[in-house]
Amino acid sequence: MSVETIYKVILYPFITESIASLKAMTNLTGTAGEAFMDSVDDFRFKGYAVCSDVTGNLDGVIMMHHYPETAIAIGNSVCEHMFDEKYEYTEINEELSNALAEWGNTIVGRSTDLHGRYSLEYNFSSPYFVHDVNDMDKYLAGVKEVITVPITVEGVGRYYFNLLVRSVDYQAAGVKREESKGIANPHKNTLPTDGKILLVDDSAMIRKALRRYLGKLGYDNVIEADDGLTAIEMVKNESPDFMFMDVIMNEMNGDEALQAIRESGSTVPVVMLSSVTDQKLVNKCEGYGVSGFIFKPIQADNGAEIIKEYLKIA
């Protein structure tokens, strides 16, 4: 099996997107090393990993694998650039876990979208996180090969991409990252600052950041929901004047919630948020009437400016 082939087909989009998202979300610089075949018997858990199961033409697991100190440094930087404050946590707590989850979700969402665009016939699960060394045995069960690519983060340390392969039927292919520009709000009239805004995202960190960006713009009448089902009820009971809603959520996705909101008769302006740039998904949301589509990440240095461009209602 060719390491170069697997690197191009499976790992390359993840590595490229992780380096791009690292720069965008932390202003840290990452550099990829050469891919190499790791020893299955000697493979060891480093302490923290973001994982996605791979199915289809490949059966295995892809891991973005960190030593705890690297994860902590990156998590602190994600928080700093989202909230424009200094963070100096020394262990992975709830806030850093949320930050690392947002970074990981962005990388996996953008990377798997690229795979879908190029019809490479691989499917990826939603990202999940491994903190316990005792969990590693189940991921190594049946693994025949491990392909590893080190990523050096300037001034911080390293993290690694590992592809744990159980079986594969592959084709050589190369893909490159495409910038996502989002879809602008076509309206001209800005929402009055006393308007009620509903934020819908299963990430408490994203809701906190959006609330902060809105506050900078003078919008303080803000309510929140953490899933699509709750958002449907809040539209009915709270009558918001505007909504920002994530697409991928735990209980009900944003596109499904949007459909239900429109079928209920509500015409509330909705701007969708997502790290997934799948055009079919974008078209589906547009079909239900949206006032724009923001592709994550958004950061403290541009968050208020981006949000301002979407706060238009007519």
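No value in this document is a laboratory result; all are computed from the given coordinates. Remember, predicted model here, so these are calculated numbers, not experimental data. Note that each Cβ is placed from the backbone with ideal geometry, even for glycine, and that neighbours are counted across all protein chains shown.
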Burial-style ranking of 14-25, 151-162, average other-beta-carbon count within 10 Å with highest first, yields 14-25, 151-162
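If I take R0 = 25 Å and measure r between the Cβ atoms of residue 67 and residue 138 in this structure, what FRET efficiency does the formula 1/(1 + (r/R0)^6) give, to the nearest 0.05? Numbers along the way, then the final one.
Numbers: r = 21 Å, r/R0 = 0.85.
Once the sixth-power term is evaluated, E becomes 0.75.
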The range 197-310: relative contact order from alpha carbon pairs under 8 Å, six or more residues apart, as a whole percent, is 26 percent
Taking only the alpha-carbon atoms of the range 178-314, the convex hull volume per residue, in cubic angstrom, is 98 Å³
At the level of C-alpha centres, the distance separating the range 27-61 and the range 255-289, in angstrom, is 34 Å
Amide H neighbours of residue 252 at under 5 Å, excluding residues fewer than 5 places away on the same chain, with H built from the backbone geometry, are 228, 229
Between the modelled labels at residue 189 and residue 94 (7 Å from Cα along Cα→Cβ) the distance in nm is 4.1 nm
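Given a Förster distance of 22 angstrom, what is the FRET efficiency for residue 126 paired with residue 252, based on the Cβ-Cβ distance and rounded to 0.05? Show your work: numbers first, answer last.
Values: r = 14 Å, r/R0 = 0.64.
Given R0 = 22 Å and the Cβ-Cβ separation, E is 0.95.
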Ranked output for segments 194-205, 228-239 by mean other Cβ atoms within 10 Å, highest leading, reads 194-205, 228-239
